[in-house]
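Just below is one structure, and these are the notes that go with it.
Please treat every number below as a calculation from the coordinates, not as lab data. Keep in mind that this is a model prediction, so the values were computed, not measured. Heads up, the Cβs are rebuilt from the backbone with ideal geometry, glycines too, and the neighbour counts pull from every protein chain shown.
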Amino acid sequence: MSEIRFYFDFGSPNAYLSHRLLPDIAQRTGASLRYVPILLGGLFKMTGNQSPVQAFGNIKNKLAYEQLESRRFIQRHGITEFRMNPHFPVNTLHIMRGAVAAETLGVAPAYIDSVYKDMWERERKMDDPDVIRSALQEAGLDADEIIRLTQTDDIKATLLANTQEAFDAGAFGSPSFTVEGELYFGKDRLRDVEEQARAG
């Protein structure tokens, strides 16, 4: 059975859109699905990469085309809940540490799904500690314990190790995926991810 490893950061809208499709891909292919929280800013520093807004901001028509492709993707897959976060870009350090903490507590799926909705459906400012705490409580998660764990050395070290793992796999941004040792980048490669998972 293949494993799809999804290197993600909540700050990427394309990672959210990938998240919406990945469970169905795993179900269709029989592959296991592993979410690996990373710090996108750290990966950018390691690779010399930049966000699309920075990298393509001076290229005429480039960002407009990227937005067009996103609208096409959203329409094709019927993702009607997506809203561009008005607080974008959001510093995701605390919620990415929270994802590692949630994994430690065995509640990663609920945490990931809820925080993605907070970021890209409910338009919340998810770098505000009070907003984070309220959102986790609303989701029925143990906000106090998750937040406490985010300040521990083990959680911080795991997030850094995950980011290093993504770099070592060849990743330079999010969403990135590996299947059978093969790296794929971007939501537009999900068809290739599915084909590789099925072949594996």
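No solvent, one uniform scatterer per C-alpha: report log10 I(q)/I(0) for the range 100-200 via the Debye equation at q = 0.13 1/Å, two decimals.
Here log10 of I(q) over I(0) equals -0.61.
Summing Lys, Arg as +1 and Asp, Glu as -1, what charge do residues with Cβ under 13 Å from the Cβ of ALA166 carry, ALA166 excluded?
Charge balance in the 13 Å sphere: 0.
Suppose every K and R has +1 on its Cβ and every D and E has -1 on its Cβ; what is the size of the dipole of the chain about the Cα centre, in Debye to the nearest 20?
Result for the chain is approximately 720 debye, rounded to the nearest 20.
Would you be so kind as to identify which of VAL100, PHE177, LEU141 lies farthest towards the positive end of the dipole of the range 3-199, taking Lys and Arg as +1 and Asp and Glu as -1 on Cβ and the Cα centre as origin?
Going by the charge dipole, the pick is PHE177.
Could you tell me the distance between the Cα centroids of the range 97-112 and the range 42-72, to the nearest Å?
The two parts, judged by their Cα centres, are 29 Å apart.
Please report the antiparallel percentage of DSSP beta bridges with both residues in the chain, rounded to the nearest 5.
Antiparallel: roughly 55 percent of the beta bridges in the chain.
For the chain, state the average projected area of the convex hull of the C-alpha atoms over all orientations, rounded to one decimal in nm².
Averaging across all directions leaves 11.0 nm² for the Cα convex hull.
Figure the gain on full extension for PHE56 and ALA139 (residue separation times 0.36 nm, minus the Cα-Cα span) and round it to one decimal in nm.
26.2 nm
Sticking to Cα atoms, compute the Rg of the range 93-134 to one decimal and its Dmax as the biggest Cα-Cα distance, whole number, in Å.
9.8, 27
Please identify the GluC sites (Glu not before Pro) of the range 5-96 that satisfy two criteria: DSSP loop assignment and at most 14 other Cβ atoms within 10 Å. Which are they?
When the GluC sites (Glu not before Pro) of the range 5-96 are filtered for loop state and at most 14 Cβ neighbours within 10 Å, GLU81 remain.
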